[in-house]
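Scroll down for the structure; my scribbles are underneath it.
The values are calculated or read from the model by the stated rules, or taken from the named source; none is laboratory data. Nothing here was measured: the structure is a model prediction, and the numbers come from that model. Methodologically, a virtual Cβ is constructed for each residue, glycine included, from the backbone with ideal geometry; neighbour enumeration extends over all protein chains shown. The accessibility values were calculated without ligands, DNA or RNA, using every heavy atom of the protein model including side chains. Shrake-Rupley method; radii C 1.70, N 1.55, O 1.52, S 1.80 Å.
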Amino acid sequence: MRKSILFIILVFLAFVLVSCDKKTTEPNTTPDFELNGTWTGIDPTGGKEPVEFLLNLTNTTSEWVYPTFTANAGIIQYNNDTNTMILLWTNHPAGNEMVGKYMKVIWSDAKSTVVIIQPYTQQATLSVASSTTDTGSYPAITLTKTATNTCATPTFNLAGGTYAYAQNVTISCATSGAAIRYTTNGSDPTVSSTSYSNPINIASTTTLKAKAFKSGWTDSAIAAATYTIGTTQGQMVFVQGGTFTMGDTHCGEDLNELPTHSVTVSSFYMDKYELTQSAYQAVMGVNPSHFTGVTNGPVEQVTWFNAVEYCNKRSKNEGITPCYSYSTYGANPATWPGGWNSDYNNHINLSCNWTANGYRLPTEAEWEFAAHGGNQSHNYTYSGSNTKGDVAWYWDNSGSTTHTVGTKTANELGLYDMSGNVFEWNWDIYGTYSNGAQTNPHGAVSGSGRVFRCGSWGPDAESCTVSSRNASVATNSDYNMGFRVCRNSP
């Protein structure tokens, strides 16, 4: 009897022990998964080190069920001996710069999970669910990586719009350490687009887009602006070639405007306005002007050398043939010798290719012909009128300053400010007139000064007549000295 009782007790104890050793006898129907913390996605290492976050999984039932993990169609491998779960990536969201190759899930005794993403990815979704059984599956929770910081949208120093000349556009971003990528073909920038480092020269109509990137941060929104650059013919006036009488045809008192003589010039294009400060700065990168507060005012305090350099740089920017060469150094001002523009005697080292299609200063004959109104001339004393104040900013009405270009009446050709506002450099070396007829004269062969025309806002009102001529050394840069450019007619 005692043996029977002992046997029953042993069988009962064995049953209890076996029951206690079982991990799962029936499927759990109400597992409780608790998310502890947020995956912030901040990765200061730029993807070189793992990104970690903590996920606590708490089972409210008496039995623990190992969960399964899926992310972006990943394949799960579970090692029961090391309590390690590895996610092998099979695909990833489009557009990511780099994709993590594995995810490691390490179980602790407290059933907490440390998930390691390596290397850094911009976005991924991790779904956590209980294991399935033959009677059903448990609900899933989803953990989505979201960056807590977003890069500031890049800004352009120049708003989109219509501009007469090529413009230099700089891009900045308020987020320190952010890399700016940009496109000029209308496509959206990606991390592989051109990296911004220097101002962008916009010489033709362009849509500029920029986006900021920083490791561990959400990419910025896209900044976009369209710049419409006026065509050459749209911002320049066509001057039909012709023959005119050059020199003072009115009072004949200034000997340097005599003798009058017949001159024939070929057709050309000339700037409708005096070159503005913004147009000069877009090409040269600086604004040397004294009157910087004048809206759309003419550039001044420029030397003859500055004007020549501007012409070649602008031509180069727009992909047309520069007109000027310095000695044997070619047409690129960047390769001209140091100090080329500091000694006025160096002006004789510059030559002009008169067949090139680039920008250049007008000859003195071209300038006077255009100021007269070309073939439509009414033989006015001033450019467009016999009344100086109608067409010119000069000492009596200027208030001792320059004024916005194009605010006085244009002349017969539609050219503005050919009398007054600022003096305008011409190409020619200054020399005395002769009484013989000439065709396309280019000035004296030698001399120390270069011609300037037009008159200015200053006290020399007589200089506003169409025939008035002056000269100065090529290094002179007074705050009434400017210029406009022209081009050959095709």
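For the stretch 385-441, the set of residues classified as more than 37 Å from the chain's Cα centre (by Cα) and aromatic (Phe, Trp, Tyr) consists of 394, 395, 430, 433, listed by residue number. Just one of (1) closer than 18 Å to residue 424 by Cα; (2) within 31 Å of the chain's Cα centre (by Cα); (3) surrounded by 18 or more Cβ atoms within 10 Å (Cβ to Cβ); (4) touching a residue at least 60 places away in the same chain (Cβ under 8 Å) fails for residue 268. It is (2).
Filtered by the rule that a residue be touching a residue at least 24 places away in the same chain (Cβ under 8 Å), touching a helix residue (DSSP H, G or I) at 6+ places or on another chain (Cβ under 8 Å) and not aliphatic (A, V, I, L, M), the stretch 274-299 gives 280, 288, 289, 296, 297, 298. Of all residues assigned to the stretch 245-252, none qualifies as being in contact with a helix residue (DSSP H, G or I) (Cβ under 9 Å, 6 or more places away or on another chain), of a type in the set (D, E, K, R) and open to solvent by less than 10 Å² (accessible area, probe 1.4 Å). For the stretch 423-446, a tally of residues being farther than 14 Å from residue 485 by Cα and in contact (Cβ under 8 Å) with a residue 24 or more places away in the chain returns 15.
One residue alone among 414, 358, 406, 449 is in contact with a helix residue (DSSP H, G or I) (Cβ under 9 Å, 6 or more places away or on another chain), under 20 Å from residue 279 (Cβ atoms), in contact (Cβ under 8 Å) with a residue 24 or more places away in the chain and not aliphatic (A, V, I, L, M), and that residue is 358. Any idea which residue in the stretch 419-432 is least open to solvent (accessible area, probe 1.4 Å), counting only those that are among the β-branched types (Val, Ile, Thr) and assigned to a loop (DSSP other than H, G, I, E, B)? Residue satisfying both the conditions and the ranking: 422. When you look at residue 435, is it at pLDDT below 95 and either within 28 Å of residue 267 (Cβ to Cβ) or part of a loop (DSSP other than H, G, I, E, B) (or both), yes or no? Yes; evaluated as a whole, the condition is true for this residue. Counting only helices (runs of 4 or more DSSP H) wholly contained in the stretch 306-418, the ones carrying 3 or more residues that are hydrophobic (A, V, I, L, M, F, W, C) and either at pLDDT 95 or above or open to solvent by less than 40 Å² (accessible area, probe 1.4 Å) (or both) occupy 364-372. Among residues that are without any contact (Cβ under 8 Å) to a residue 40 or more places away in the chain and within 10 Å of the chain's Cα centre (by Cα), residue 193 is not included. Does residue 394 satisfy the condition of being within 15 Å of residue 416 (Cα to Cα), among the hydroxyl-bearing types (Ser, Thr, Tyr), in contact (Cβ under 8 Å) with a residue 12 or more places away in the chain and in contact with a Phe, Trp or Tyr (Cβ under 8 Å, 6 or more places away or on another chain)? Here the answer is yes, as residue 394 does meet what is asked.
Whenever a residue of the stretch 479-490 is farther than 13 Å from residue 303 by Cα, its partners that are among the small types (Gly, Ala, Ser) and open to solvent by 40 Å² or more (accessible area, probe 1.4 Å), lying with C-beta atoms within less than 8 angstrom and at least six residues away or across chains, give the pairs 488/266; 489/266.
Here is a yes/no grid of residues against (1) farther than 30 Å from residue 383 by Cα; (2) within 26 Å of the chain's Cα centre (by Cα):
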{"site": "187", "(1), (2)": "yes, yes"}
{"site": "220", "(1), (2)": "yes, yes"}
{"site": "224", "(1), (2)": "yes, yes"}
{"site": "239", "(1), (2)": "no, no"}
{"site": "244", "(1), (2)": "no, no"}
{"site": "249", "(1), (2)": "no, no"}
{"site": "255", "(1), (2)": "no, no"}
{"site": "263", "(1), (2)": "no, no"}
{"site": "275", "(1), (2)": "no, yes"}
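Quick check, is residue 146 modelled with pLDDT under 95, closer than 30 Å to residue 276 by Cα and either open to solvent by 60 Å² or more (accessible area, probe 1.4 Å) or in a loop (DSSP other than H, G, I, E, B) (or both)? Criteria not met by residue 146. Looking across the stretch 469-490, the residues that are within 14 Å of residue 422 (Cβ to Cβ) and open to solvent by 10 Å² or more (accessible area, probe 1.4 Å) come down to 470, 472, 476, 477, 478, 479, 480. The residue that is farthest from residue 411 (Cα to Cα), counting only those in the stretch 271-303 that are of a type in the set (Gly, Ala, Ser) and buried (at least 16 other Cβ atoms within 10 Å of the Cβ), is 282.
Which one is most open to solvent (accessible area, probe 1.4 Å), of the residues in the stretch 435-468 that are among the polar types (S, T, N, Q) and under 17 Å from residue 419 (Cα atoms)?
465
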